[in-house]
1. Send over a whole-number figure in Å² for the accessible area per residue of the chain, probe 1.4 Å.
2. Considering only C-alpha atoms, what is the centroid distance from segment 47-80 to segment 13-29, in Å?
3. So for each of 61-67, 79-85 I average, over its residues, the number of other beta carbons within 10 Å; can you give me the resulting order with the highest mean first?
4. What part of the accessible area of segment 1-46, given as a whole %, is carbon or sulfur when the probe is 1.4 angstrom?
5. If you build a Gaussian network model of the chain, linking Cα atoms that sit under 10 Å apart, which residue out of R132, R97, R37 swings the most?
6. With the dipole of the chain worked out from charges on the C-beta (+1 for Lys and Arg, -1 for Asp and Glu) around the Cα centre, which of Q64, Q102, V79 lies farthest toward the positive end?
7. Taking all protein chains as present, what is the carbon and sulfur share of the accessible area of segment 94-166, in % to the nearest whole number, probe 1.4 Å?
8. Under the rule a/c < 1.5 gives rounded, and otherwise a/b versus b/c splits prolate from oblate, where does segment 1-58 land using the Cα gyration tensor?
Amino acid sequence: SPLLTQHLGWHYFHARQYSRAREALWRAIEMDSTAWRPYLELALVEQAAGNLAEAESRLRIPLQVAPGRAEVQVALGQVYAMSGRTDEARTVLQGLRQAAEQRYVSPYLIACLHASLGMRPQAFTFLDRAVRERSDFVAYLRIDPRVDTLRTDRRFARLLRQLRLP
């Protein structure tokens, strides 16, 4: 199943087994080349591995097929921020915050982009909101590479204790 294979890649990504994640996600694409999510997750893998040009390249299809999806925009904004293109990243962030006024945008995702921009207070404000709103992504907080820049902050440890994540 392409969906289960993609989900396996998602788990390898969070286990930081990037080569296995790539393998699973490419298999998912081979099974269903019309799906955009495996490309998004490949971009996240490449971003976490520090291959920012490759990550941006992998976002091409999700940006064409699902440009309004918050997770796609956050991935693009994070690649911009990590590449030193902070003005572009801030433009993406502004767009997400405006979109959140019209429809639901997970505060967890907005926190990820704030984290990539080095905006720790704002990142924690949005993570606290994500916890209050019971965002699905909060379950990944302990292992999500997208929030690695926040791990050394005492507020991160407080959140993990509050959530009682294993």
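The values are calculated or read from the model by the stated rules, or taken from the named source; none is laboratory data. These figures come from a predicted structure and were not determined experimentally. Quick reminder, even Gly has a Cβ in these numbers, built from the backbone with ideal geometry, and neighbours come from all protein chains shown. Heads up: the accessible areas ignore ligands, DNA and RNA and are worked out on the full protein's heavy atoms, side chains in. Shrake-Rupley method; radii C 1.70, N 1.55, O 1.52, S 1.80 Å.
1. That works out to 51 Å² per residue.
2. Using only Cα atoms to place each centre, the spacing works out to 16 Å.
3. In descending order of packing, they fall as 79-85, 61-67.
4. For segment 1-46, the apolar C and S fraction of the accessible surface comes to 54 percent.
5. For the chain, modelled as a Gaussian network with Cα springs under 10 Å, the answer is R132.
6. Comparing the listed Cα positions along the dipole, Q102 ranks first.
7. 49 percent
8. Oblate, since a/c reaches 1.5 and b/c is not below a/b.
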